[in-house]
Each structure stands twice: as C-alpha cells, then as structure tokens.
Amino acid sequence: VQAYDFAAGELTSRFRYAAAGVVAEVEVVTFASRSAPSVVLQEITVRVDQPCELALRAVVETAGVRGRAARRRTDTPGEPQPACDGSLLWEAEGGLSTCGFALATEIIGGEAERSLQTWDASGPLRTEYRLPARSDRPVRLRQTVAILPSVLHDRPDEEAVRRVARAQATGFETLRRRNREAWSEIWRGRIVVHGAQREHQAMIDAAVFYLNCSTHKASPSATSIFGLATWHDYNYYFGHVMWDVDAFCVPPLLFFQPDAARAILDFRTRGLGAARSIARLSGRDGVQFPWEAAPLSGQEASPGGGDGAAHEDHGSLHTARAFGLYADVTGDEAFLKEDAWPVLSGVANWIVSRTTRTGRGLEILRATGPAEVPDPPDNDAFTVMAAIQVLRRAIRAAEQTGKTAPPEWATAAEDLYLPLRSDGVIAAHDGFRVSEPKGATPSPLAGLFPYNHPASERERRNTLDFYLKHWREYVGAPMFPALYTTWAAMAGDRDLSLKLFEEGYAAYDQGRFHQCLEYRPDHPDSQVKAGPFFANLGGMLMGL
C-alpha cells in the first residue's frame, strides 16, 4: 500500500514480509529535501511479531542504469574516518556529463553489526546492518543520499560527500520538519475552486503538487516537460527542456515559487549564446531559442531532422513572454534591465528579421504552429498574435529601462498580417480549412488567452464560437485541451466550461495519485500512458 502526502511531499509505502515463521510490518517514508535540495532521505521502519535476527541493507543501485562508475570510494581522502558510507561518480552514457552520489546511513532501535561493501570498484554503494530485533521495539534504518550533477560542480562526487555530511549534521528530523515547512509555504497559494466537485479539486491539487515538486530555485537546467518523471517504456522527450515549460509552467510558478520560475529563466539566460548562434545559422537577427534545449548546454537538441526546430518558430515567443511576465509580476527592475531586456530585445529583432514584406503587410511565411503538419503554412495565426504581443512588450521594456526601441518593432507590430475570414473568425493560417488534417486545433484561441491579442469584440466572439464547436475533433491531444474550459468561460458558457474541464483535463487523469497524462487514453496517438505532463497541468492551472 502506498500513500502520497502532497501536503508534505512524502511518499509512504507499507507492506508485510513473512519468512521463517516471522512476520515483519514494514513502512518506508521517502522525501526529497527542499531545504537541502541535493539530498533525498528515506526512513525504513520494521516491526516484527517475534524476536529474530534482522538484516537491513541500504543500496545506491547501479544495475540497469546506462553509463559507468568512473570512481567509487568508501574512504575519505585525508581523513582518519570516512565522512559517509561511500561516494560514487557516475558517468552518463556517451560521457556528456557525470553525477556524484554520496550515501550515509544510521540504524535506530538496537545494537547492530555494520558492514560496507568496499571491494567492488564499479558496483553499487552498499551498507548492511544485522541485529537482534524484538517485537516490542521497532528498528529504523535511515539513509540519506546527496546527488550532484556535474553542471553544478566539476567533481560532483566529492561535493556530494560534503552535502551528505552537512545533512547528517543537520539531522533527519530537522530536515523533515524543514521540508514540511517549505511545502506548507507553497500550499499557501493553493487554488481552491468554490463549488468544484471533490474529485476535480483533487486533480487541481495534484497539478499544483507535481508542478512544484519538479521545480526548485536550485535547479540549474529548468525542468523537463514531464518534470522529474521517467520510465523505461517511453522517451519522455529525452529530458530536453521544451518551449512548453516557458509557456505553461512559468506563469503559474510565478505565484507558487517565483524563485523556481526565476531558475527556469536563468537557464535561458545562460543559453543566450546558443540562441544567438541558432539565429545566425538561420540567417536571422537577434536570438532564437531552441525548440528542444539540451539541459547541459542550452543548445538545440531536437532528434533526427528537427522539423520542429526548423519550422515551429513560435517557441522563442513563449520564452520572451515568460521573461516579461516575471518582470511584471515581481516588479524586479534589475531583472528587467539585466535579464529580460536582452531576451525581449533579441526576440523582437528576430521577429523583424523573420518577416517578409508583401502587399498585405509583413508576413511570416512557412511557419508551423501548434498543429504540427508536414507542410508549414504561411502566417500561422498563433505565431502572429504572439509575435505582436512580444513586440509590444519589448517596446514597453525599452520605455521602462530608458532605452530607445528600434522603430521597426512598432512597424512590425502594426503591419504583421493576421489571416481573417469574412465572418470575422481568425483563421489558423492562410488557406485554412477546418476539414484539413489537424484543422480543429484551437491555436487562434491561445492567441486570445493566454496571449490577450486585442481582437475586436466581433472577432473575439466569432473566433471563440467557431473553434469551441470543434472541440470533439481535437480533444485527447496534448496541451491546448486543458485550456478549453477557460475559453468556454470566456465565451460565457458555464455548462460547456464544466464539460470541457472534464473532457479536456479530467479525462487525462490516470493511475495512482492523479497523474495527468500527455494524451487521453482513448486518443489514437496514445501509445504509452505517460505523465505527469506539464503542458497539460500547467495550462489548466494557468487558466484558473
């Protein structure tokens, strides 16, 4: 049996083990420390029904993990006594990076014989305890592991030793209390929907938890589109940092963990050089952020031919918007000048260089929107609407920081061509037909929210009505369905808003602990039930 305490960030597992006529009740509590973010802690409590010899083993396992043990120690150089049970330097397959581990253990509830596996130079870290157990006294094994990536330290196994020693000095109970306090602070921002069904509120709470447990101000490489989740049966986008994180995760994080949102943006700031190189390689000005960024370098990492990187040009717009939002919400003038301005101005320059002047104005030719189709259309509405808002935010940033905005920015914001049908509906792109492949994709609605494109009342109303009518043809896909409930509310249809929360979000809820899947299980592209998917849960939270 397992219980996940979202309020405290603790996973508790309970099971019964019987052998040689003895029954043991076992409880395992695991949590990742928010106050010591490199540290994971676990307490195993064993209660036996009669006296017996008990053996407990703590392991940092390496079996099944791709890569190799580059260094393993159970001593501490220069010290008469080891600082911990052992350390391990693990090199990832391909040698792109390393990760350091350090293990420390303690036993409570009896005098135990302790042994370390010292002889295995490339194997796991392993500590074993043997002791006489009694039925009237539980035995507790506490294990603390520090984990450090090489992006944070050149010799991460040695720094892991220092971190685990610090955690041991602080103490398990203190770290547990501090972790609970940190989660209590996050839950002060809990979103409570008055009148919501209990199950719906539970899904909202789960989304808040998953978003926050996979983000932290100490993270050097933002987070992946599945947060910290991964499993053997899916690629999980290889852990790459997707544009979706900037678009759907940063906005709600600004109100839960602004420092964590800042850490995501800091990753983009460190990648500005890579973004400039991408723009140059494409013959454009300014900065163009990767479609799928490598967590180590911030460079483009899209697999294969990289069709998304080549044609889905809206990615950089979400990054720029995220910087602008952080500056607006926090009022941090230093951030605006030193961090947001290089991104906003760089992306604004890129937008101008990406356009082509025609008789209709400035057009963005051959740009794929969220509907990923083989042949990129002209003037994708979502890209155009987002570009206009980013240009205007860049102009405002210039005014706020005492800089002079190039006149081309205002010209582009006025002259960008947005496809509009005769009935006032914003068309998804030039030559749009709702019967085309992925034609029901409601990307123009995302231009209305969250991008707040200033459409006329007629355009806004007709565009909402048109795409909302086609929700059945799109729901089940990732990302935008989570926003259907907000768009229906914008149209003033409360009954449809509730129905679309159920169809566009609740129907993705699966398995234990309310995981929001990438695809709805009944969607034809749903091959693996993978979650929690942050574009969906972040979009839902943003809409609330």
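The values are calculated or read from the model by the stated rules, or taken from the named source; none is laboratory data. The structure displayed is predicted, hence computed values, not measured ones. Here Cβ is always computed from backbone atoms with ideal geometry, including for glycine, and neighbour counts include all displayed protein chains.
Contact annotation: residue pairs with Cβ atoms under 6 Å, 6 or more positions apart or on different chains, pairing a residue in the range 393-420 that is within 24 Å of Gly331 (Cα to Cα) with a partner that is polar (S, T, N, Q), are Ala394/Ser345. With respect to Pro406, determine if the residue is surrounded by 19 or more Cβ atoms within 10 Å (Cβ to Cβ), under 25 Å from Ser316 (Cβ atoms), in the same structural domain as Asn536 (by the TED database) and not small (Gly, Ala, Ser). No; evaluated as a whole, the condition is false for this residue.
Screening the candidates Ala387, Ala398 for the property of being surrounded by 22 or more Cβ atoms within 10 Å (Cβ to Cβ), of a type in the set (Gly, Ala, Ser) and in a helix (DSSP H, G or I) yields one hit, Ala387. All conditions but one from (1) out of contact with any helix residue (DSSP H, G or I) (no Cβ under 7 Å at 6 or more places or on another chain); (2) in a helix (DSSP H, G or I); (3) closer than 24 Å to Leu416 by Cα; (4) not small (Gly, Ala, Ser) apply to Pro454; the one that does not is (2).
Here Gly195 clears all of (1) assigned by the TED database to the domain that holds Asp259; (2) at pLDDT below 95; (3) of a type in the set (Gly, Ala, Ser) except the condition numbered (1). Determine if the range 87-110 includes at least one residue that is surrounded by 18 or more Cβ atoms within 10 Å (Cβ to Cβ) and outside any strand (DSSP E or B). No.
Go through the residues of the range 358-368 one by one and say whether even a single one is touching a residue at least 24 places away in the same chain (Cβ under 8 Å), assigned to a helix (DSSP H, G or I) and farther than 30 Å from Val475 by Cβ. The answer is no, given that none of the residues of the range 358-368 is touching a residue at least 24 places away in the same chain (Cβ under 8 Å), assigned to a helix (DSSP H, G or I) and farther than 30 Å from Val475 by Cβ. Considering each residue of the range 330-351 in turn, at least one proves to be more than 19 Å from Thr269 (Cβ to Cβ), assigned by the TED database to the domain that holds His453, at pLDDT 95 or above and not small (Gly, Ala, Ser).
Would it be correct to say that Ser443 is closer than 26 Å to Ala367 by Cα and among the hydroxyl-bearing types (Ser, Thr, Tyr)?
Considered against the rule, which asks whether it is closer than 26 Å to Ala367 by Cα and among the hydroxyl-bearing types (Ser, Thr, Tyr), Ser443 comes out as yes.
When Asn235, Asn212 are checked against the criterion of being without any contact (Cβ under 8 Å) to a residue 40 or more places away in the chain, assigned by the TED database to the domain that holds Leu254 and not β-branched (Val, Ile, Thr), a single residue qualifies: Asn235. Just to be sure before I move on: is Ser345 part of a helix (DSSP H, G or I), crowded, with 20+ Cβ neighbours inside 10 Å and of a type outside the set (A, V, I, L, M, F, W, C) in the structure I sent? When the stated conditions are applied, Ser345 passes them. When Gly305 is tested against (1) touching a residue at least 40 places away in the same chain (Cβ under 8 Å); (2) surrounded by fewer than 19 Cβ atoms within 10 Å (Cβ to Cβ); (3) within 22 Å of Pro370 (Cβ to Cβ), only condition (1) is not met. So if I check each of Val384, Val390, which one is modelled with pLDDT of 95 or more, touching a Phe, Trp or Tyr at 6+ places or on another chain (Cβ under 8 Å) and assigned by the TED database to the domain that holds Asp244? When all the criteria are applied, what remains is Val384. If only residues of the range 493-544 that are at pLDDT below 95 and of a type in the set (Lys, Arg) are counted, the one that is nearest to Asp233 (Cα to Cα) is Lys529. The residues of the range 303-324 that are modelled with pLDDT under 95 and either not acidic (Asp, Glu) or not in a loop (DSSP other than H, G, I, E, B) (or both), listed by number, are Pro303, Gly304, Gly305, Gly306, Asp307, Gly308, Ala309, Ala310, His311. The criterion of at least 3 residues that are on the phi < 0 side of the Ramachandran plot and surrounded by 14 or more Cβ atoms within 10 Å (Cβ to Cβ) is met, among strands (runs of 3 or more DSSP E) falling completely within the range 1-84, by 10-19, 22-32, 39-48, 52-60, 68-73. Of Ala489, Ala506, Ala482, all but one fail to be surrounded by fewer than 24 Cβ atoms within 10 Å (Cβ to Cβ), out of contact with any Lys or Arg (no Cβ under 8 Å at 6 or more places or on another chain) and within 25 Å of Ala455 (Cα to Cα); the exception is Ala489. Against the test of being of a type in the set (Lys, Arg), buried (at least 23 other Cβ atoms within 10 Å of the Cβ) and in a helix (DSSP H, G or I), the options Arg280, Arg268, Arg276, Arg262 yield a single qualifying residue, Arg268.
The helices (runs of 4 or more DSSP H) found wholly in the range 476-544 and carrying at least 2 residues that are more than 19 Å from the chain's Cα centre (by Cα) and without any contact (Cβ under 8 Å) to a residue 60 or more places away in the chain occupy 484-490, 494-504.
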